[in-house]
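The next block holds one structure in the form of structure tokens; read it before the comments.
The values are calculated or read from the model by the stated rules, or taken from the named source; none is laboratory data. Predicted, not measured: the structure shown is a model, and the values here were computed from it. So basically every Cβ, Gly included, is an ideal-geometry build from the backbone, and we count neighbours across all protein chains shown. We work out accessible area using only protein heavy atoms, side chains counted, and drop any ligands, DNA or RNA first. Shrake-Rupley method; radii C 1.70, N 1.55, O 1.52, S 1.80 Å.
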Amino acid sequence: MKLIGERIVIRDLSFDDDEDFFEYAKSPLVGPRAGWKPIETIELARRVLAGYIMSKDVFAITIKSTGKMIGTISIYNYGIRKYNKVKQLGFSLNQNYWNHGFMTEAVKMVIGYIFTRTDCEVLEVGHHSDNYASKRVIEHCGFNYDGRLCKFKRLYDGTLIDADFYSMTKEDYERKKRNE
């Protein structure tokens, strides 16, 4: 996949992204907000990156002008709903690029891709209940709040967290596009 936006490009991950990935994957501010332990070595980062590449679910978010990978966005072919035309989004971003609108731009691009180029009827996204930055991105992109799942999962450090979930239907997307 390759999507070209105003300031970013979303593309397939590459093994050449290892150093950019490690730059933010090691941060104690990034991984824990997404539910994963900060990655401690470049070797481990390369193994995680290889798994992402093989999964074909995770894509690089890069700066259009430089090609630097600043984050990932995932499109999973499953969701909380037990229904075969549901996809779920996930995302993470290098902390040096927070609060500049890059993730909102990426999510909007992927929403358009999903609803115009796949058979998806419902797109889901969630965040840990205390991750207000992800909440803002999700709300800016027009998702509808579905609710909170208490004690949703146990994190790598044993912490039990709640998660908030949102969805957008293909009809929601089409209605929003007509009104723009």
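Across Gly71, Gly147, Gly90, mean-square fluctuation computed from a Gaussian network of the chain (C-alpha pairs under 10 Å connected) peaks at Gly147. Counting heavy atoms of the protein chains alone, Tyr166 has an accessible area of about 10 Å² for a 1.4 Å probe. What translational diffusion coefficient, to the nearest whole µm²/s, does segment 141-180 have by Stokes-Einstein, given a Kirkwood radius computed over alpha-carbon pairs, a temperature of 25 °C and 0.890 mPa s viscosity? Result for D is 202 µm²/s. Every helix of 4 or more DSSP H residues in the chain counts as -39500 (n - 2.57), and over all residues that averages to -10000 deg cm²/dmol at 222 nm.
Please turn the phi angles of segment 109-126 into ³J(HN,Hα) values with the Karplus equation 6.51 cos²θ - 1.76 cosθ + 1.60 (θ = phi - 60°), one per residue in order, whole Hz, x for glycine and proline. Working through the residues one at a time gives 4, 5, 4, x, 4, 4, 7, 10, 10, 10, 8, 4, 10, 9, 10, 10, 8, x Hz. Think of segment 59-180 as a dipole: +1 on every Lys or Arg Cβ, -1 on every Asp or Glu Cβ, centred on the Cα centre; then among Ile70, Tyr132, Ala60, Ala60 lies furthest on the positive end. Per-residue accessible area (protein heavy atoms, 1.4 Å probe) orders Asp57, Asp146 as Asp146, Asp57, starting from the largest.
Computed on protein heavy atoms with a 1.4 Å probe, the accessible areas place Asp12, Asp162 in the order Asp12, Asp162, largest first. When the Gaussian network model of the chain links Cα atoms closer than 10 Å, the mean-square fluctuations of Thr116, Thr159, Thr72 top out at Thr159. Here's the picture: a label point sits 7 Å out from the Cα of Tyr156 along the beta-carbon direction, and within segment 96-131 the residues with their amide nitrogen under 17 Å of it are 128.
Quarter the surface of the alpha carbon convex hull of segment 14-75 and you get the mean projected area, 4.1 square nanometres. Ranking of Phe22, Phe115, Phe15 by solvent-accessible surface, largest first: Phe15, Phe22, Phe115 (1.4 Å probe, protein heavy atoms only, all chains present). Within the same chain, lysines fewer than 8 places from Lys177 are excluded, and of the rest, those with a Cα less than 19 Å from its Cα are Lys108. Once neighbouring chains are kept in place and the probe is 1.4 Å, which whole percent of the accessible area of segment 1-134 is contributed by carbon and sulfur? Summing carbon and sulfur atoms, their accessible area is 52 percent of the total for segment 1-134.
Extension gain for Glu19 to Glu180 (0.36 nm times residue separation, less C-alpha to C-alpha distance): 54.1 nm.
Averaged over its residues, the chain has an accessible area of 54 Å² per residue, based on protein heavy atoms and a 1.4 Å probe.
Shown in residue order for segment 87-103 are the 3J(HN,Hα) couplings computed by the Karplus curve 6.51 cos²θ - 1.76 cosθ + 1.60 at θ = phi - 60°: 10, 10, 9, x, 7, 8, 9, 3, 4, 5, 10, 5, 6, 10, x, 5, 5 Hz (x for Gly and Pro). Distance from the Cα centroid of segment 1-32 to that of segment 78-97 is 16 Å (rounded to whole angstrom). Ratio of Rg to Rh for segment 60-180: 0.97 [Cα atoms; Kirkwood radius as inverse mean 1/r over pairs]. Here, P(r) means the percent of Cα pairs in each 5 Å bin from 0 to the largest distance; for segment 112-180 it is 3, 16, 23, 20, 15, 12, 7, 3, 1, 0. Comparing Cys120, Cys150, Cys141 in a Gaussian network model of the chain, where Cα atoms under 10 Å apart are tied by springs, the biggest mean-square fluctuation is seen for Cys150.
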